[in-house]
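See below for the structure under consideration.
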Amino acid sequence: MKPIKSSSLLLSLFAVLISCQVKEKSNLALLSGEIPTDTPLVFAPDIISVNGHASGSITFNPDMTEMVLNHRGQGESFNIYTIKLIDGKWSKLKVASFSTNLEYLDFHPRFTSNGNRLYFGSTRPTSDTVKTTNTRRRLHQWYVEKNEYGDWDKPILMGHPFVDNYIMGTVPSENGNLYFTSGTRVGADDEGIYYAINQNGQYTTIEKMDDVINSNGRFIAHPYIAPDESYLIYDSEKATEPNNNDLFISFNRNGIWSESYSLGPKINTKLSEGAATVSPDGKYLFFSRSEEKASEDGSTYWVSMIYWVDFIQLKKELLKSID
């Protein structure tokens with residue numbers, strides 16, 4: 001009888017493990033129904049990725065119970081939206097508490113690794129006491145922090161050296177270093193991906209990354225840095241194909257960034273791919289796929305959906321092909 005009891009115990013433990021795995025998987029499936037492998041799938045169709053709308057720049061808190069992203073309907077302005085997992089169910093997508101003014105643009109939110117701070121860009125006005133030479137589209141970088149009740153406090157403007165420069169898409173690594181798009185103007189030779197080193201919570205200067213990254217096409221932007229800074233993903237536009245952004249990755253090897261590699265034809269298409277992020281568990285790559293549409297009056301507008309794909313397998317294949 002003892003062996004039977006032991007076997008039963010092992011089977012019970014195995015069942016619990018399987019149950020936990022299914023439960024973890026089902027949290028994502030609640031929004032998408034199907035988990036992607038090597039081919040990207042639309043993420044959260046009709047919930048986050050809606051036909052005729054534009055969604056992108058999704059970011060996650062550490063346990064993936066909260067997602068924050070850009071979203072807008074046709075003719076609307078970009079604002080930041082949130083969706084939360086509450087009692088095993090995802091809430092409805094709604095405008096974030098700090099992003100309700102539709103007069104201003106808020107975009108490219110990015111969580112810190114502990115989930116207590118969220119960086120984002122905004123065209124909202126600064127206070128009269130803030131002196132800055134950065135007047136480019138009134139765009140500045142801000143952040144919000146969680147209060148003791150788990151809600152977002154009021155936005156805080158990032159100070160020097162960020163307030164004095166055009167900066168977009170700030171993303172933090174685990175050690176607090178910040179990576180972002182910067183430059184004097186769109187298409188200028190100095191535009192590209194920059195970084196600022198965390199010095200005990202302070203930042204003194206911003207530096208441009210090497211040409212191995214910043215010479216790969218035009219409009220190099222929207223970086224995603226791995227928490228341990230082992231790789232960098234960004235998008236850039238082909239000089240021969242305007243409005244066709246593709247996604248690239250560079251690997252950090254002993255402090256030296258490798259050449260940039262395309263994420264491949266299953267991800268990079270004739271449409272525009274960009275604003276990539278990776279889930280906190282490192283399992284999935286998320287990105288937007290955008291397309292320009294024409295209205296009846298002849299004007300144009302952009303629509304986009306968020307896609308996701310197995311990043312563990314993708315990274316493994318990339319590293320295998322370049323080693």
Open item on the list: What pairs come out if I take residues in segment 93-112 that are in a loop (DSSP other than H, G, I, E, B) and pair them with residues that are surrounded by 20 or more Cβ atoms within 10 Å (Cβ to Cβ) and among the acidic types (Asp, Glu) whose C-beta lies under 6 Å away, six or more apart or interchain?
Closed with: Ser99/Asp106
Open item on the list: Of the conditions (1) modelled with pLDDT of 95 or more; (2) touching a Phe, Trp or Tyr at 6+ places or on another chain (Cβ under 8 Å), Phe162 satisfies every one except a single condition; which number is it?
Closed with: (1)
Task: Positions within segment 57-78 being among the charged types (D, E, K, R), touching a residue at least 24 places away in the same chain (Cβ under 8 Å) and assigned to a strand (DSSP E or B), in sequence order - done: Glu66
Open item on the list: Can you tell me which residue is farthest from the chain's Cα centre (by Cα) among those in segment 153-167 that are buried (at least 20 other Cβ atoms within 10 Å of the Cβ) and among the hydrophobic types (A, V, I, L, M, F, W, C)?
Closed with: Phe162
TODO: Among what's in segment 52-78 and is surrounded by 17 or more Cβ atoms within 10 Å (Cβ to Cβ) and in contact with a Lys or Arg (Cβ under 7 Å, 6 or more places away or on another chain), pick the residue that is farthest from Tyr301 (Cα to Cα).
DONE: Glu66
Open item on the list: Could you tell me how many of the residues in segment 268-293 are assigned to a loop (DSSP other than H, G, I, E, B) and at negative phi?
Closed with: 8
- [ ] Would you confirm whether any residue within segment 83-91 is closer than 23 Å to Tyr301 by Cα and at pLDDT 95 or above?
- [x] no
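Does Ser272 satisfy being surrounded by 15 or more Cβ atoms within 10 Å (Cβ to Cβ), more than 16 Å from Asp235 (Cβ to Cβ) and either within 18 Å of the chain's Cα centre (by Cα) or of a type in the set (Phe, Trp, Tyr) (or both)? Before the answer, list the steps.
Details: surrounded by 15 or more Cβ atoms within 10 Å (Cβ to Cβ): yes; more than 16 Å from Asp235 (Cβ to Cβ): no; either within 18 Å of the chain's Cα centre (by Cα) or of a type in the set (Phe, Trp, Tyr) (or both): yes.
No, not satisfied.
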Task: Hey, Pro36 modelled with pLDDT of 90 or more and out of contact with any Lys or Arg (no Cβ under 9 Å at 6 or more places or on another chain) or not - done: yes
Open item on the list: Among the residues of segment 226-238, are any more than 22 Å from Val278 (Cβ to Cβ) and outside any strand (DSSP E or B)?
Closed with: yes
Open item on the list: Step by step: first the residues of segment 239-267, then only those that are in contact (Cβ under 8 Å) with a residue 60 or more places away in the chain and in a strand (DSSP E or B), then the one that is farthest from Leu178 (Cα to Cα). Which residue is that?
Closed with: Tyr261
TODO: Please give the number of the condition Asn175 fails out of (1) touching a Ser or Thr at 6+ places or on another chain (Cβ under 7 Å); (2) more than 26 Å from Ser99 (Cα to Cα).
DONE: (1)
Task: Those residues of segment 105-135 which are farther than 19 Å from Thr277 by Cα and at pLDDT 90 or above, in sequence order - done: Leu105, Ser122, Thr123, Arg124
- [ ] Look through Ser295, Ser321, Ser304 and report the one residue that is surrounded by 15 or more Cβ atoms within 10 Å (Cβ to Cβ) and either at pLDDT 95 or above or not charged (D, E, K, R) (or both).
- [x] Ser304
TODO: Could you please let me know if Asn51 is part of a loop (DSSP other than H, G, I, E, B), free of Cβ contacts under 8 Å to residues at least 24 places away in the same chain and more than 20 Å from Phe180 (Cβ to Cβ)?
DONE: no
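The values are calculated or read from the model by the stated rules, or taken from the named source; none is laboratory data. Here the structure is a predicted model, which is why all the values come from computation and not from measurement. Here Cβ is always computed from backbone atoms with ideal geometry, including for glycine, and neighbour counts include all displayed protein chains.
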